[in-house]
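A single structure is presented below for examination.
The values are calculated or read from the model by the stated rules, or taken from the named source; none is laboratory data. This one's a predicted model, so the numbers in the text were calculated from it and none came from an experiment. Note that we place each Cβ from the backbone using ideal geometry, even for glycine, and neighbour counts take in every protein chain shown.
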Amino acid sequence: NAGVTQTPKFRVLKTGQSMTLLCAQDMNHEYMYWYRQDPGMGLRLIHYSVGEGTTAKGEVPDGYNVSRLKKQNFLLGLESAAPSQTSVYFCASSTRTANQPQHFGDGTRLSIL
Amino acid sequence: AQSVSQHNHHVILSEAASLELGCNYSYGGTVNLFWYVQYPGQHLQLLLKYFSGDPLVKGIKGFEAEFIKSKFSFNLRKPSVQWSDTAEYFCALRAGNNRKLIWGLGTSLAVNP
């Protein structure tokens with residue numbers, strides 16, 4: 001049972017490069033989320049999606065774009081990477097039921113030089 | 001605005017000591033509350049959750065938490081910690097029908113053998 005799978009697990013980019021992080025879930029969850037985790041700052045929501053074809057901004061959306069073309073996939077894009085985007089990125093998914101938890105992927109460690 | 005506050009940022013205990021991690025939230029309506037744990041280098045995993053009913057909820061690995069509505073609190077407890085409990089612990093709130101979780105900044109727990 002794979003759950004939530006993130007690729008890649010590690011990546012080093014140069015400033016200005018672009019890349020896409022992929023999140024895939026096999027639990028048929030409606031909601032999907034992208035977070036970044038930085039020391040002392042907890043988890044901050046970047047973007048989220050409540051269904052295929054819909055996305056919404058979280059608390060730190062600047063510099064990121066997302067797409068949810070298929071229900072099981074949620075892509076996070078960095079158009080022009082900046083050192084401030086060095087972080088660990090976590091994807092999560094959940095059902096629409098309020099009392100159900102979010103399930104997390106293993107994270108992507110991204111370094112921007 | 002809704003918020004979650006975790007009072008202890010860093011906790012150091014010896015094995016067999018008792019643990020209580022504080023979590024307070026601000027929201028006057030119906031809440032769902034969660035505690036997640038993140039072991040070093042791993043993703044977040046659900047420890048326990050509260051959504052209704054008995055305010056004392058039991059989770060995995062001997063953890064429990066008590067929802068005290070009058071105090072807007074959801075403190076995490078364990079009577080006797082083990083070295084393997086060394087991890088970061090996050091409290092999270094889902095306020096009403098909100099699709100997003102509000103996260104605390106986390107508490108880093110180190111258990112010395």
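Just the residues that are in a strand (DSSP E or B) and surrounded by 15 or more Cβ atoms within 10 Å (Cβ to Cβ), please, taken from region A:23-43.
A:23, A:24, A:25, A:31, A:32, A:33, A:34, A:35, A:36, A:37, A:42, A:43
I would also like to ask the following. Filter region B:63-102 down to the residues that are touching a residue at least 60 places away in the same chain (Cβ under 8 Å), in contact with a Lys or Arg (Cβ under 9 Å, 6 or more places away or on another chain) and more than 14 Å from chain A (Cβ to nearest Cβ) and list them by number.
The answer is B:78, B:82, B:85.
If residue A:109 satisfies all but one of (1) touching a Ser or Thr at 6+ places or on another chain (Cβ under 6 Å); (2) closer than 13 Å to residue A:6 by Cβ; (3) within 10 Å of chain B (Cβ to nearest Cβ), what's the number of the condition it fails?
(1)
Within region B:40-62, count every residue that is more than 11 Å from chain A (Cβ to nearest Cβ), over 15 Å from residue B:92 (Cβ atoms) and not basic (Lys, Arg).
Here the count works out to 6.
Could you give every pair whose Cβ atoms fall below 6 Å, whose first residue belongs to region B:2-13 and is farther than 18 Å from residue B:92 by Cβ, and whose second residue is assigned to a strand (DSSP E or B) and among the small types (Gly, Ala, Ser), counting only separations of at least 6 or pairs across chains?
Filtered contacts from region B:2-13: B:10/B:108; B:12/B:110.
With the condition kept exactly as written, say whether any residue in region A:3-15 is in contact with a His (Cβ under 8 Å, 6 or more places away or on another chain) and in contact (Cβ under 8 Å) with a residue 40 or more places away in the chain.
yes
Let me ask something additional. With respect to the numbered conditions (1) within 11 Å of chain B (Cβ to nearest Cβ); (2) surrounded by fewer than 21 Cβ atoms within 10 Å (Cβ to Cβ), which one is the sole condition not fulfilled by residue A:49?
(2)
Also: Restricting attention to strands (runs of 3 or more DSSP E) lying wholly within region B:1-99, give those where 3 or more residues are crowded, with 16+ Cβ neighbours inside 10 Å.
The qualifying strands (runs of 3 or more DSSP E) are B:31-38, B:44-50, B:64-68, B:73-78, B:87-95.
Residue-by-condition table, conditions (1) over 25 Å from residue B:4 (Cβ atoms); (2) among the charged types (D, E, K, R); (3) at pLDDT 95 or above; (4) more than 14 Å from the chain's Cα centre (by Cα):
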{"position": "A:31", "(1), (2), (3), (4)": "no, no, yes, no"}
{"position": "A:35", "(1), (2), (3), (4)": "no, no, yes, no"}
{"position": "A:40", "(1), (2), (3), (4)": "no, no, no, yes"}
{"position": "A:43", "(1), (2), (3), (4)": "no, no, no, no"}
{"position": "A:67", "(1), (2), (3), (4)": "yes, no, yes, no"}
{"position": "A:77", "(1), (2), (3), (4)": "yes, no, yes, no"}
{"position": "A:98", "(1), (2), (3), (4)": "no, no, no, yes"}
{"position": "A:105", "(1), (2), (3), (4)": "no, no, yes, no"}
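Give the residue, chosen from A:98, A:81, that is in a loop (DSSP other than H, G, I, E, B), without any contact (Cβ under 8 Å) to a residue 24 or more places away in the chain and small (Gly, Ala, Ser).
When all the criteria are applied, what remains is A:98.
Please go through region A:83-100 and pick out each residue that is at the interface with another protein chain (Cβ under 7 Å from one of its Cβ atoms) and surrounded by fewer than 22 Cβ atoms within 10 Å (Cβ to Cβ).
Across region A:83-100, the qualifying residues are A:98, A:99.
Here's another thing I want to ask about it. Tell me which residues, restricted to region B:103-113, are part of a strand (DSSP E or B) and facing chain A (nearest Cβ under 9 Å).
Selection gives B:103 alone.
If we scan region A:27-39, do we find a residue that is closer than 23 Å to residue A:12 by Cβ, without any contact (Cβ under 8 Å) to a residue 12 or more places away in the chain, within 13 Å of another protein chain (Cβ to nearest Cβ) and not acidic (Asp, Glu)?
yes
How many residues does region A:8-19 contain that are surrounded by 14 or more Cβ atoms within 10 Å (Cβ to Cβ) and within 15 Å of the chain's Cα centre (by Cα)?
Selection size over region A:8-19: 2.
Return the residue satisfying two criteria in turn: it lies in region A:52-68 and is in a strand (DSSP E or B) and within 14 Å of another protein chain (Cβ to nearest Cβ), and of such residues it is surrounded by the fewest Cβ atoms within 10 Å (Cβ to Cβ).
A:54
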